[in-house]
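The values are calculated or read from the model by the stated rules, or taken from the named source; none is laboratory data. Every value quoted in this text rests on a predicted model; they were computed, and no experiment measured them. As a convention, Cβ positions derive from the backbone with ideal geometry for all residues, glycine included, and neighbour counts pool all protein chains shown. What goes into the accessible areas is simple: the full protein's heavy atoms, side chains included, and nothing from ligands, DNA or RNA. Shrake-Rupley method; radii C 1.70, N 1.55, O 1.52, S 1.80 Å.
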Amino acid sequence: MAHSQKTFRQFMLEDQDIDTDLLMLLEDIATACRAVSDHVRNGAFANVLGAANSTNVQGEEQKKLDVIADEEFMRHCANSPRVAALVSEEVDEVHWLKESPQAGDFVVYFDPLDGSSNVDVNLSVGSIFSIMRLSEATLPSDTAVLRPGTEQICAGYAIYGPSTGLVITTGQGVHGFTHESGTGEFRLTHPDMTVPPKTVEYAINSARETFWYEPVRRYIADCVAGKDGPRKEKFNMRWTASMVADVHRILTRGGVFLYPLDSGNETTGGKLRLMYEANPMGMLIEQAGGAASTGTGRILEVQPTTHHQRVSVILGSSEEVAKIETYHRN
Ligand code: P6P
């Protein structure tokens, strides 16, 4: 069968060197993503759009779909007997599934519905996931899940846009699948996704300019200065307020995404979360030949201290990320 027609399972079995336990977990995650996609696409008929009248651990207003998406991931990831713990953006504590977790058991970190404020206005949203393996048997103590992003064995996201996509890496490149209605299969449509090293397109929430520190302010000003400025290039800007959509665009055509530490979010360490947003997106971008930095260091080398901690995120085309790091050094 032609490479591009392969189903998720065929590709994982034939073109990726992964063990059966991981494949079974990935199929459960793909099922959770199908279920969330269905909830998102039919939300208007099920009275699940809008606020849930609750807040999550981040103190952010939860949408009904945030809670439903979390329930789908919790349910489907719990099928595998090798999953020891689940860490969800929507849940304060680490959700331990086993009394005595064993070496090789999985920890799954996820943001079940990222960018959910976009759902009510029918813009793209997504689910983000990251998988690590316990290196040794442990008591179900929360410190066991605080591992640096370099220890991820798998990272991926589903994007609920004009089509439902699933983009994943197991450390062997980045591969994109598209959901086929009818069969329900995720079919390989974007093998070997790579990020071009150069770009003239950046993504940042420019409404935060007044909070930016000097390196970011100067970098953006130089981009805006265009052909007559120091970059001697005309730059374009995109901001979708959905990390999954911005990262998917960058994986597809290049670009750089910035959600930096600034004077408005410094007290919380940034805006985006390390374990289930920055780390998985960082692994995907690096596996696609890009770079993922805090501005002063590699995101994947950040040693977590709490499982909901936030971090500064600058990721995408490698030469542009390196350029931004020089602004931080100077
Ligand atoms: P802002 C969505 O809430 C999110 O976590 C990311 O998906 C997105 O990139 C960012 O926050 C948007 O933040 O400040 O533009 O609303």
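Rank SER117, SER141, SER88 by mean-square fluctuation in a GNM of the chain with C-alpha springs under 10 angstrom and give only the top-ranked residue.
SER141
For a quick check, take a GNM of the chain with Cα springs below 10 Å and name the residue from GLU90, GLU61, GLU286 with the largest mean-square fluctuation.
GLU61
At 0.36 nm per residue, minus the direct Cα-Cα distance, what do ALA46 and MET237 gain on full extension? Give it in nm, one decimal, please. Please list the in-between numbers first.
Numbers: separation 191, 0.36 × 191 = 68.76 nm, distance 3.55 nm.
Answer, rounded to one decimal: 65.2 nm.
With angles folded into 0 to 90 degrees, how steeply does helix 214-224 sit against the dominant principal axis of the chain? Use alpha carbons for both and round to 10.
80
With each pseudo-label sitting 7 Å past Cα toward Cβ, what's the ALA221-GLU136 distance in nm, one decimal?
The answer from the label model is 5.2 nm.
Through the Karplus equation 6.51 cos²θ - 1.76 cosθ + 1.60, θ set to phi - 60°, convert the phi angles of the range 313-328 into ³J(HN,Hα) values in whole Hz; use x for Gly and Pro.
In residue order, the calculated couplings are 10, 9, 9, x, 3, 4, 5, 6, 5, 4, 4, 5, 5, 5, 4, 6 Hz.
Calculate how steeply helix 243-253 sits against the longest principal axis of the alpha-carbon atoms of the chain, using the helix alpha-carbon long axis, and give the answer as 0 to 90 degrees to the nearest 10.
The angle comes out near 70 degrees.
Sorted by accessible area (1.4 Å probe), largest first, how do VAL40, VAL57 line up? Don't jump to the answer; show the numbers that get you there.
Details: VAL40 30, VAL57 60 Å².
Greatest to least solvent exposure: VAL57, VAL40.
In the Gaussian network model of the chain, springs joining C-alpha atoms below 10 Å, which of ARG208, ARG41, ARG298 carries the largest mean-square fluctuation?
Comparing ARG208, ARG41, ARG298 in a Gaussian network model of the chain, the most mobile one is ARG208.
Based on the alpha-carbon gyration tensor of the range 1-139 and its eigenvalue square roots a ≥ b ≥ c, which shape applies: rounded if a/c is under 1.5, prolate if not and a/b is larger than b/c, or oblate?
Values: a/c = 2.68, a/b = 1.26, b/c = 2.13.
Oblate, since a/c reaches 1.5 and b/c is not below a/b.
Kindly provide the Kirkwood hydrodynamic radius of the chain in Å, to one decimal, from all pairs of distinct alpha carbon atoms. Intermediate results must be reported in sequence, preceding the final value.
On the way: mean 1/r = 0.0498 Å⁻¹.
Result for the chain, one decimal place: 20.1 Å.
I'd like to check one number: the per residue accessible area of the chain, probe 1.4 Å, reported in Å² as a whole number. Working shown, then result.
Values: 13820 Å² over 330 residues.
Spelled out: the 1.4 Å probe surface of the chain, per residue, equals 42 Å².
Check GLY255: other-chain or 5+ apart residues with amide H under 5 Å from its amide H, H built from backbone geometry?
Under 5 Å from the amide H of GLY255 lie the amide H atoms of SER317, each far enough along the sequence or on another chain.
Roughly speaking, what is the stretch gain from VAL200 to SER181, that is 0.36 nm per residue apart minus the C-alpha to C-alpha distance, in nm to one decimal?
Working: separation 19, 0.36 × 19 = 6.84 nm, distance 3.54 nm.
Gain in length upon complete extension: 3.3 nm.
Which residue, HIS76, HIS179, HIS307, has the largest displacement toward the positive end of the dipole of the chain when charges sit on each Cβ (Lys, Arg +1; Asp, Glu -1)?
Farthest towards the positive pole: HIS179.
Given only helices, namely DSSP H runs of n ≥ 4 each adding -39500 (n - 2.57), what is the per-residue ellipticity at 222 nm of the chain, to the nearest 500 deg cm²/dmol? Write down the numbers at each step before the final one.
Details: 7 runs with 87 residues, N = 330.
Helices in the chain give a 222 nm mean residue ellipticity of -8500 deg cm²/dmol.
Show the residues, 5+ positions off or on another chain, whose built amide H is closer than 5 Å to the amide H of GLN152.
none
From the backbone phi of the range 181-193, what are the Karplus-calculated ³J(HN,Hα) couplings (6.51 cos²θ - 1.76 cosθ + 1.60, θ = phi - 60°) in whole Hz, Gly and Pro given as x?
5, x, 6, x, 6, 8, 9, 5, 10, 10, x, 6, 5
Give LYS98/LYS271; LYS6/LYS234; LYS227/LYS323; LYS64/LYS271; LYS234/LYS323; LYS6/LYS64 a once-over and call out the pairs whose C-alpha atoms are over 28 Å from each other. All intermediate terms of the calculation are to be shown ahead of the outcome.
Details: LYS98/LYS271 31 Å; LYS6/LYS234 40 Å; LYS227/LYS323 17 Å; LYS64/LYS271 22 Å; LYS234/LYS323 16 Å; LYS6/LYS64 35 Å.
Table pairs above 28 Å Cα-Cα are LYS98/LYS271; LYS6/LYS234; LYS6/LYS64.
Which value, in debye to the nearest 20, gives the size of the charge dipole of the range 261-313 about its Cα centre, when Lys and Arg are +1 and Asp and Glu are -1 at the Cβ?
On the way: 4 positive and 5 negative charges, 18 e Å.
It comes to approximately 80 debye.
In whole Hz and in residue order, list the ³J(HN,Hα) couplings for the range 85-93 that follow from phi through the Karplus curve 6.51 cos²θ - 1.76 cosθ + 1.60, θ = phi - 60°; x for Gly and Pro.
8, 10, 10, 10, 4, 8, 10, 4, 8
So which aspartates and glutamates can LYS232 reach, going by Cα to Cα under 12 Å and dropping same-chain residues fewer than 8 places off?
Candidates past the 8-residue exclusion: ASP222.
To the nearest 20 debye, what charge dipole does the chain have about its Cα centre, counting +1 at the Cβ of each Lys and Arg and -1 at the Cβ of each Asp and Glu?
Working: 29 positive and 44 negative charges, 219 e Å.
Its charge dipole is roughly 1060 debye.
Quick one: angle between helix 64-77 and the longest Cα principal axis of the chain, in degrees between 0 and 90, rounded to 10, please.
50
Return an integer: the convex hull volume of the alpha-carbon atoms of the range 201-329, in Å³ per residue. Write out the running numbers ahead of the final one.
Details: hull volume 12.7 nm³, N = 129.
Hull volume normalised by residue count: 99 Å³.
When the accessible area of the chain is split by element with a 1.4 Å probe, what percent falls to carbon and sulfur? Show your work: numbers first, answer last.
On the way: 6930 of 13820 Å².
Carbon-and-sulfur percentage of accessible area, whole number: 50.
What length, rounded to one decimal in nm, is gained on full extension from LEU123 through to LYS98, with 0.36 nm per residue of separation minus their alpha-carbon distance?
Details: separation 25, 0.36 × 25 = 9.00 nm, distance 3.77 nm.
Gain on extension, LEU123 to LYS98, equals 5.2 nm.
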